[in-house]
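Heads up: the structure comes next, in structure tokens.
The values are calculated or read from the model by the stated rules, or taken from the named source; none is laboratory data. Remember, predicted model here, so these are calculated numbers, not experimental data. Cβ: placed from backbone, ideal geometry, glycine included. Neighbour counts: every protein chain shown. Heavy atoms of the whole protein, side chains included, go into the accessibility calculation; ligands, DNA and RNA do not. Shrake-Rupley method; radii C 1.70, N 1.55, O 1.52, S 1.80 Å.
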Amino acid sequence: MSELVYRGEIQLTRYLADDGTPLGPLPGWAQGPDPLTGYYRQMVLARQFDTKAIALQRTGQLGTYASLLGAEAIDVVTACLMQPSDVLVPYYRNHIMQVIRGAEMHEVLLYWGGDERGNACPGMNQDLPNCVPIATQCLHASGVASAIKIRDEKRAVLTMIGDGGTSKGDFMEAINVAGAWQLPVVFLVNNNQWAISVPRSRQTCAQTLAQKALGAGIRGEQVDGNDAIALHEVISRALEQARQGKGPTLIEALSYRLSDHTTADDATRYREQSELKAAWEREPVQRLRNYLHQCGHWDESREQALLEETKTTVQSAVEQYLATPSQPVDDLFDYLYEECPPGLAEQREQARQKMAGGEHHE
Amino acid sequence: MSNAITMIEAVNLALARAMTDDPDVILLGEDIATNGGVFRATVGLLEQFGERRVIDTPLAETMIGGLAVGMSTQGLRPVAEIQFMGFIFPALDHLIAHAARMRNRTRGRLHCPLVLRAPFGGGIRAPEHHSESTETLMAHIPGLRVVIPSSPARAYGLLLAAIRCNDPVVFLEPKRIYRASKTLVEDNGQALPLDTCFTLREGGDITLICWGAVVQETLEAATRLADKGIGCEVIDVATLNPIDHDTLLASVSRTGRCVIIHEAPRHGGMGAEIAATLAEKALLSLQAPIRRVTGYDAVMPYYRNEQIYLPSVEDIMSAVEQTMEFV
Ligand SMILES: Cc1ncc(C[n+]2csc(CCOP(=O)(O)OP(=O)(O)O)c2C)c(N)n1
Ligand SMILES: [Mg+2]
């Protein structure tokens, strides 16, 4: 004899159709101009920043850069919903989140321009720096959340990860311990359907990534990652539950990577143009603009003014970035230990002499 | 208050002292709370400090490393136990890619004051994967401190220093000597320095450089060699990174002869690094080639044959005698 001992299900939240028309009744807050016009402004800024960063890379003025194209709604809504005392544990695609949370835009450019000061931004407070080793950040998020829980604080931690990253043990270990200890953490998966050249379908035969939460015994749900209203609902609830001591949530936001993986990648090698074209029909910025137009909260003149304004913001960040000199030789050595040990100080002296001798030019 | 205690008891004493002194010190690891650790390093601490600060984790080493990184960025001082060094590798990603780099990557905005403790080395007839010495892998990493005590007093003082240190520390405990002897250790809260070697015995003829469990065999060899009229200076390196080359250089410049003893494999080991530095900076003081007595470049044998692998007192004596005979 056997009996059913467990059954799980995953909900998908969506409010707006691809063209921005409401699919049904909307939450009350979504009728007014705030916070949606604020989100929209940041999303446009994000896209302007992205376009400019790619242009800088193409002209040799920036290193390899990971585009945020297609993730504007996820990143903006999430960053705006986080409190300053919450902790963001980002991956490498969350530039606009960092700006919204207090980094200077030129500092974000510095990071992609090969300079550690892009992770130093005083405005980032306790947020962790960009994380390149895939999925490792999830465990740091659980660690930060453990510290918060040990100290009985009402703060939430939110970490971002891609669809590919959910195949890693770090992710599974992080959601598992978050459940075991009921940690105040939100795991937000940007399922942009691709991990460089490997499609979502080749990562796992799990029907959703959200259902991985079920194995860890935590809440898991899907949200339309191109729908700012749905994102606001789902993410604000998860953050609040974390702050209230009600444990972790895994959210899978469905989006699409509208760019190459990075500026070093050529996506035409592995994906169909038709797929990309179809994804542009669902993209988040246009969708929110359409909705705001329908409500009368937005119009063409505001759009033009915003484009001017964001262009100026980005341009001045670029100028500041380009005018920032490289760090001095000593900075290679001075941040490894609290104090530079004697053996290392000797090497620092050698490096100083090498640079003074003009063997290398910056 | 001082008592004659073993090295494992000294570890326990240092942990209790650090936790009493600083509420930010917390312990995490597998079986460390209720069970007090498989070697009993944390015994009694759950009762004393409660389950918020003495935490049994799920069984996942990557997770232990990653949690410690996250916790430490919040200003906690996590002391994480990896049950055996053979299982430290999944945690290395977090030590190498994150803990060791956090201060540098953020230009000092964040740092990781964490300690990862692990018992290591052979000689206790342990199961497979429980007896290796892979300290060199960690000593190679910029930003990571690697500390190895070799007596109860140094376990106490160095562990306190490691916990108070604002850099990440890998603290490797030679489990073969966990209970080898009892010595007086005063629970005075005094840390030992992490930037210096310890000269355990002075002698004018030859310098013996070692760390970990083989410090015992080295001291024994030095005693026996003294009967033969050879004066050995025995130095416990203790902190492998950043290493105190100055003490080693000063001694070898004086004695002109040197044998380096470690349990880890020879190839690319810390002995090679020390020998190269001595050759670079003290070549003209050397009266004989530097010799090494080490484990073989072979997989650590399962326990029936582990004594073949481990450096013995006789191995050390014969290396010293050959070095002394060189003219
Ligand atoms: C541990 C690790 N393995 C491989 C890489 C190289 N890499 C960088 S991004 C990437 C794909 C990640 O895809 P996904 O998790 O879906 O995130 P996305 O970039 O699509 O947002 C890979 C394989 C890495 N950075 N870290
Ligand atoms: Mg992806």
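List the number of the failed condition for residue A:58; all other conditions in (1) among the charged types (D, E, K, R); (2) under 24 Å from residue A:121 (Cα atoms); (3) surrounded by fewer than 19 Cβ atoms within 10 Å (Cβ to Cβ) hold.
Failed condition: (2).
Being within 16 Å of ligand 2 (Cβ to nearest atom) and either touching a Lys or Arg at 6+ places or on another chain (Cβ under 8 Å) or closer than 10 Å to residue A:321 by Cβ (or both) is the filter here; which residues of region A:94-135 pass it?
A:134, A:135
Tally up the residues in region B:8-32 that are outside any loop (DSSP other than H, G, I, E, B) and among the charged types (D, E, K, R), please.
Here the count works out to 3.
For residue B:235, state whether it is among the aliphatic types (A, V, I, L, M) and open to solvent by 10 Å² or more (accessible area, probe 1.4 Å).
For residue B:235, the condition - among the aliphatic types (A, V, I, L, M) and open to solvent by 10 Å² or more (accessible area, probe 1.4 Å) - is not met.
Residue pairs, Cβ under 9 Å, 6 or more apart or interchain, first in region A:194-207 and more than 8 Å from ligand 1 (Cβ to nearest atom), second among the basic types (Lys, Arg). List them.
Pairs found: A:197/A:269; A:197/A:271; A:199/A:271; A:204/A:212; A:206/A:212.
Residue B:198 versus (1) within 14 Å of another protein chain (Cβ to nearest Cβ); (2) crowded, with 21+ Cβ neighbours inside 10 Å: which is the lone unmet condition?
So residue B:198 meets the others, but not (1).
Out of the helices (runs of 4 or more DSSP H) lying entirely within region A:38-130, which hold 3 or more residues that are of a type outside the set (Gly, Ala, Ser), over 26 Å from residue B:71 (Cα atoms) and in the same structural domain as residue A:287 (by TED's automatic domain parsing)?
So the answer is A:72-81, A:105-112.
Only one residue in A:158, A:209, A:188, A:128 is under 13 Å from residue A:91 (Cβ atoms) and in contact with an Asp or Glu (Cβ under 7 Å, 6 or more places away or on another chain). Which one?
A:158
Name the residue, out of A:71, A:66, A:46, that is in contact (Cβ under 8 Å) with a residue 40 or more places away in the chain and in contact with a strand residue (DSSP E or B) (Cβ under 8 Å, 6 or more places away or on another chain).
Only one candidate qualifies: A:71.
Sort out which residues of region A:239-267 are open to solvent by less than 10 Å² (accessible area, probe 1.4 Å), closer than 23 Å to residue A:15 by Cβ and part of a helix (DSSP H, G or I), and write them in order of number.
Passing the criteria: A:239, A:242.
Which is more than 16 Å from ligand 2 (Cβ to nearest atom), β-branched (Val, Ile, Thr), outside any helix (DSSP H, G or I) and open to solvent by less than 40 Å² (accessible area, probe 1.4 Å), of A:186, A:177, A:234, A:144?
Exactly one residue qualifies, and that residue is A:186.
I want to confirm something. Restricting to region A:156-174 and keeping residues that are open to solvent by 30 Å² or more (accessible area, probe 1.4 Å) and either within 13 Å of ligand 1 (Cβ to nearest atom) or in contact with a strand residue (DSSP E or B) (Cβ under 7 Å, 6 or more places away or on another chain) (or both), which single residue is nearest to the other protein chains (Cβ to nearest Cβ)?
Looking at the filtered set, the residue picked out is A:169.
Pick from region A:190-205 the residues that are assigned to a loop (DSSP other than H, G, I, E, B) and open to solvent by 20 Å² or more (accessible area, probe 1.4 Å): which of them is nearest to ligand 2 (Cβ to nearest atom)?
Top of the filtered list is A:193.
Name the pairs whose Cβ atoms lie under 9 Å apart, with the first residue in region A:148-163 and more than 16 Å from ligand 2 (Cβ to nearest atom), the second among the small types (Gly, Ala, Ser) and open to solvent by 10 Å² or more (accessible area, probe 1.4 Å), and 6 or more positions between them or separate chains?
Cβ pairs passing all conditions: A:149/A:245; A:152/A:245; A:153/A:85; A:154/A:85; A:154/A:245; A:155/A:85; A:156/A:85.
In region A:320-350, which residues are open to solvent by 80 Å² or more (accessible area, probe 1.4 Å), assigned to a helix (DSSP H, G or I) and touching a helix residue (DSSP H, G or I) at 6+ places or on another chain (Cβ under 8 Å)?
Passing the criteria: A:320, A:332, A:342.
Taking the residues in region A:117-140 that are open to solvent by less than 40 Å² (accessible area, probe 1.4 Å), of a type in the set (S, T, N, Q) and more than 7 Å from chain B (Cβ to nearest Cβ) as candidates, determine which candidate is farthest from residue B:73 (Cα to Cα).
The selected residue is A:130.
Tell me whether region A:159-171 contains one or more residues that are farther than 30 Å from residue A:277 by Cα, over 11 Å from the mean Cα position of the chain (by Cα) and among the hydroxyl-bearing types (Ser, Thr, Tyr).
No, region A:159-171 contains no residue that is farther than 30 Å from residue A:277 by Cα, over 11 Å from the mean Cα position of the chain (by Cα) and among the hydroxyl-bearing types (Ser, Thr, Tyr).
Inspect region B:215-232 for any residue being on the phi > 0 side of the Ramachandran plot and open to solvent by less than 40 Å² (accessible area, probe 1.4 Å) and give the result as yes or no.
The answer is no, given that none of the residues of region B:215-232 is on the phi > 0 side of the Ramachandran plot and open to solvent by less than 40 Å² (accessible area, probe 1.4 Å).
Out of (1) hydrophobic (A, V, I, L, M, F, W, C); (2) touching a Phe, Trp or Tyr at 6+ places or on another chain (Cβ under 9 Å); (3) open to solvent by 50 Å² or more (accessible area, probe 1.4 Å), what's the single condition that is false for residue B:26?
(3)
Quick test of your reading of the structure: residue A:75 fulfils all but one of (1) among the acidic types (Asp, Glu); (2) open to solvent by 20 Å² or more (accessible area, probe 1.4 Å); (3) under 30 Å from residue A:134 (Cα atoms). Name the failing condition by number.
(2)
I'd like the residue in region A:237-266 that is under 24 Å from residue A:211 (Cβ atoms) and among the β-branched types (Val, Ile, Thr) and, out of all such residues, is nearest to ligand 2 (Cβ to nearest atom).
The extreme case among them is A:251.
Hey, can you tell me all the residues within region A:296-319 that are assigned to a helix (DSSP H, G or I) and open to solvent by less than 50 Å² (accessible area, probe 1.4 Å)?
Of everything in region A:296-319, those that are assigned to a helix (DSSP H, G or I) and open to solvent by less than 50 Å² (accessible area, probe 1.4 Å) turn out to be A:303, A:306, A:310, A:314, A:317, A:318.
For residues that are in a loop (DSSP other than H, G, I, E, B) and in contact with a Cys (Cβ under 9 Å, 6 or more places away or on another chain), tally how many sit in region A:5-37.
The qualifying residues number 3.
On the given criteria, is residue A:278 open to solvent by less than 10 Å² (accessible area, probe 1.4 Å) and under 23 Å from residue A:208 (Cβ atoms)?
Spelling it out, it is not the case that residue A:278 is open to solvent by less than 10 Å² (accessible area, probe 1.4 Å) and under 23 Å from residue A:208 (Cβ atoms).
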